[in-house]
Amino acid sequence: METGRILKISGPLVVAENMAHASLSDVVRVGDKRLIGEIIEMRGDKASIQVYEETTGLGPGEPVETTGEALSVELGPGLIASIYDGIQRPLTRIQAQSGDFIERGVEAPALDRSKRWSFAASKSPGERVQSGDILGEVVESALVTHKIMVPPGVQGELKSLSSGEFTVEETIGTIMTEGGDREICMMQKWPVRLGRPFANKLSPSEPMITGQRVIDTFFTVAKGGTACVPGPFGSGKTVVQHQLAKWADVDIVVYVGCGERGNEMTDVLNELPELKDPRTGESLMLRTVLIANTSNMPVAAREASMYTGMAIAEYFRDMGYTVALMADSTSRWAEALREMSGRLEEMPGEEGYPAYLGSRLADFYERAGKVVCLGSDQRQASLTAIGAVSPPGGDLSEPVTQATLRMVKVFWGLDAQLAYSRHFPAINWLTSYSLYLEKTSAWTEANIHPEFIHLRKEAMALLQEEAELMEIVRLVGYDALSEPDQLKMEAARSLREDFLQQNAFHDIDSYASLQKQFKMLSLVLNFAKRANQALNEGAALKSILKLAVRERISRSKYLSEGQLEEFESIEAQMISEMDNVTLKGGEASD
């Protein structure tokens, strides 16, 4: 095959000539150091190449070789608990080769070629198989059984299939297709920019339980849904993403640190192996794949990292698993688009971002969903995509946030004022929304409690009333409010501080099951209801607010999942104390 030559270098953009033999989206090796790049534009025999490594030292005339393949990921046993960069280079093996900093041009296969995996076949020779059929299984970790599938586009009669120990490249079987015999190994390759096929797409109807009360109760995301977390610096976007990665009730988590600071990815790497899956007691790392594309890595590589994570997530979805993809943050990804667009001298859109920013975001988010997977067993699975957005100065009117909001159905708006007042998660309950509430209501009523939806509406109404009363308080002061309104303010404060506020770093408060959330919300609202009733029957407001049970209500968030029967005890104490203060009436006001 012919070799191209570098004509021009502009940061991460390299223009090469004599490239008529190459195709758009081909992966190429650039220069004497063989840097990794991808062709993003072809004009005659000139190719514009996005280089995913530092281009310092490259010179015109150096060779450019095409691999003839699109930018692809290697999919197979060995993905779980792995840490990759934005183009799926395994960072642990690269560290062994080049030290703590990645040397330019370094190469390492994404999947270990020497490790042998124990494959247990579930099909027999002579059976007809089609795309997506499961041929057998490999126990990859204590939490994940890796299912070896017939690659997309392959169908026919199974000629041979063997159980035993194999590397990812060794042949495990042969399928007799119309075009001839096709050897099957445990590894597949898939172009990252192409969505993996499925049989049918379904409407999401089951909530993804995250253990975060403000999310699960008020702004639910469905399994197979899309959500975004925009917010200014310091408002807790990364902590929210980390919490979702730790506690979401999914089988697989793919976490993409796209342009994150290195210390934030270090936190994930340090915490996940220590944390235990609440369902199995095993390390959470045993169901996680990490893409660590940090801020000190070349900007251009961020553009590929999102697609790399999505392709890996789709692969596990095709096995029948529920998968969550966390992207932190899509703003850093959009910066890579803006840089390359500027280097290509394209007509800029708003704020310098390319005019096709919205369609690229749509391409990414539309790959999420609840689907019927390929294969004769018609298994269902879901892929939930959650992207953090980092608008400069917290300005939600900027292009990346606005384009994202047009795509996603859940908006968790982080608020700087809440963050500064140490209220975390700093999700603003007045501006956030979820379009999945109605779709997931039937599941919640059937599996948690029929009253859950009613309590949610009641709590949201109380918070909105508090916002209206706060306008009056700012004008005339708290003491000018009537006693019923003062009680509403106290009830809303209890709802905010005792229910919505949650400590991500507390052993117990970090996660709350839906059952616990229902009991907590029920307790806070029942106190408000009974207090209002007592006030109407002549009880003194000061007496109600001094009740000892209020301390137990505020500390109920620290009850473990094994102590949920304590809520009945708190409820009984509340009824007793409220009856007592009602009997005393106004006498107890001093």
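The values are calculated or read from the model by the stated rules, or taken from the named source; none is laboratory data. Note that this is a predicted model, so its numbers are computed, not measured. Every residue, glycine among them, receives a Cβ derived from its backbone with ideal geometry; neighbour counts consider all protein chains shown. The protein model used for the area step is the full one, side chains on, heavy atoms only, and it has no ligands, DNA or RNA in it. Shrake-Rupley method; radii C 1.70, N 1.55, O 1.52, S 1.80 Å.
Checked against (1) at pLDDT below 95; (2) in contact with an Asp or Glu (Cβ under 6 Å, 6 or more places away or on another chain); (3) of a type outside the set (Lys, Arg), ALA248 passes all but a single condition, namely (2).
Within region 555-566, being surrounded by fewer than 17 Cβ atoms within 10 Å (Cβ to Cβ) and assigned to a helix (DSSP H, G or I) holds for TYR558, GLU561, GLY562, GLN563, GLU566.
Quick check on region 490-501. Is at least one of its residues touching a strand residue (DSSP E or B) at 6+ places or on another chain (Cβ under 9 Å), modelled with pLDDT of 95 or more, within 30 Å of GLY236 (Cα to Cα) and part of a helix (DSSP H, G or I)? Scanning region 490-501, I find at least one residue that is touching a strand residue (DSSP E or B) at 6+ places or on another chain (Cβ under 9 Å), modelled with pLDDT of 95 or more, within 30 Å of GLY236 (Cα to Cα) and part of a helix (DSSP H, G or I), so the answer is yes. Would you confirm, using the coordinates I've provided, whether ALA446 is over 23 Å from GLU497 (Cβ atoms), assigned to a helix (DSSP H, G or I) and either open to solvent by 30 Å² or more (accessible area, probe 1.4 Å) or not polar (S, T, N, Q) (or both)? In short, yes. When region 567-588 is examined, which residues are found to be open to solvent by 40 Å² or more (accessible area, probe 1.4 Å) and modelled with pLDDT under 90? Matches in region 567-588: LEU583, LYS584, GLY586, GLU587.
If the condition is being in a loop (DSSP other than H, G, I, E, B) and either open to solvent by 20 Å² or more (accessible area, probe 1.4 Å) or free of Cβ contacts under 8 Å to residues at least 60 places away in the same chain (or both), then region 52-77 contributes GLU54, THR55, THR56, GLY57, LEU58, GLY59, PRO60, GLY61, GLU62.
When you look at LEU143, is it closer than 30 Å to PRO278 by Cα and either modelled with pLDDT of 95 or more or not β-branched (Val, Ile, Thr) (or both), yes or no? When the stated conditions are applied, LEU143 passes them. The residues listed here are ALA459, ALA492; of these, the one that is buried (at least 17 other Cβ atoms within 10 Å of the Cβ), closer than 18 Å to ASN428 by Cβ and over 29 Å from the mean Cα position of the chain (by Cα) is ALA492. Can we say GLN502 is within 30 Å of TRP443 (Cα to Cα) and out of contact with any Asp or Glu (no Cβ under 7 Å at 6 or more places or on another chain)? Judged against the criteria, GLN502 is not a match. The residue list ILE6, ILE49, ILE39 contains one member that is over 31 Å from the mean Cα position of the chain (by Cα), outside any loop (DSSP other than H, G, I, E, B) and modelled with pLDDT of 95 or more, which is ILE6.
Checking each residue in region 293-308 for being of a type in the set (A, V, I, L, M) and at pLDDT 90 or above picks out ALA304, MET306.
When region 369-391 is filtered for residues that are open to solvent by 10 Å² or more (accessible area, probe 1.4 Å) and closer than 30 Å to GLU41 by Cα, only SER390 remains.
The set of residues in region 364-395 that are within 19 Å of ILE134 (Cα to Cα), hydrophobic (A, V, I, L, M, F, W, C) and in a loop (DSSP other than H, G, I, E, B) comprises CYS373, LEU374.
Please work out if ARG5 is free of Cβ contacts under 8 Å to residues at least 60 places away in the same chain, under 24 Å from VAL253 (Cβ atoms) and either open to solvent by 40 Å² or more (accessible area, probe 1.4 Å) or charged (D, E, K, R) (or both).
It is false that ARG5 is free of Cβ contacts under 8 Å to residues at least 60 places away in the same chain, under 24 Å from VAL253 (Cβ atoms) and either open to solvent by 40 Å² or more (accessible area, probe 1.4 Å) or charged (D, E, K, R) (or both).
Counting the residues of region 161-186 that are assigned to a loop (DSSP other than H, G, I, E, B), touching a strand residue (DSSP E or B) at 6+ places or on another chain (Cβ under 6 Å) and aliphatic (A, V, I, L, M) gives 1.
Of all residues in region 9-36, those satisfying the criterion of being in a loop (DSSP other than H, G, I, E, B) and over 18 Å from ALA300 (Cβ atoms) are ASN18, MET19, ALA20, HIS21, ALA22, SER23, ASP32.
Every test in (1) in contact (Cβ under 8 Å) with a residue 40 or more places away in the chain; (2) surrounded by 21 or more Cβ atoms within 10 Å (Cβ to Cβ) is passed by GLY37 save one, and that test is (1). Inclusion of LEU344 among residues that are touching an Asp or Glu at 6+ places or on another chain (Cβ under 7 Å), closer than 18 Å to PRO197 by Cβ and not small (Gly, Ala, Ser) is not warranted. Residues in region 94-146 that are of a type in the set (A, V, I, L, M, F, W, C), loosely packed, with under 15 Cβ neighbours inside 10 Å and out of contact with any helix residue (DSSP H, G or I) (no Cβ under 6 Å at 6 or more places or on another chain): ALA96, PHE101, ALA120, VAL139. The set of residues in region 508-554 that are among the β-branched types (Val, Ile, Thr) and open to solvent by less than 40 Å² (accessible area, probe 1.4 Å) comprises VAL524, ILE544, VAL549, ILE553. Pairs are defined by a Cβ separation below 6 Å, a sequence spacing of at least 6 or placement on different chains, a first member in region 135-148 that is among the β-branched types (Val, Ile, Thr), and a second member that is open to solvent by less than 10 Å² (accessible area, probe 1.4 Å); the pairs so defined are VAL138/PRO77; VAL138/PHE119; VAL138/HIS146; VAL144/ARG287; ILE148/LEU135; ILE148/GLY136; ILE148/MET186. Just one of (1) free of Cβ contacts under 8 Å to residues at least 60 places away in the same chain; (2) in contact with a Lys or Arg (Cβ under 6 Å, 6 or more places away or on another chain); (3) open to solvent by 20 Å² or more (accessible area, probe 1.4 Å); (4) among the hydroxyl-bearing types (Ser, Thr, Tyr) fails for THR322. It is (1).
Scanning region 462-489 for residues that are charged (D, E, K, R) and either out of contact with any Leu (no Cβ under 9 Å at 6 or more places or on another chain) or open to solvent by less than 80 Å² (accessible area, probe 1.4 Å) (or both) gives GLU465, GLU466, GLU468, GLU471, ARG474, ASP479, ASP485, LYS488. Taken over region 232-290, the criterion of being within 22 Å of ARG422 (Cβ to Cβ) and touching a Pro at 6+ places or on another chain (Cβ under 8 Å) is satisfied by PRO232, GLY236, LYS237, VAL239, VAL240, GLN243, TRP247.
For GLU345, the criteria (1) under 25 Å from ILE49 (Cα atoms); (2) part of a helix (DSSP H, G or I) hold in every case but one, which is (2).
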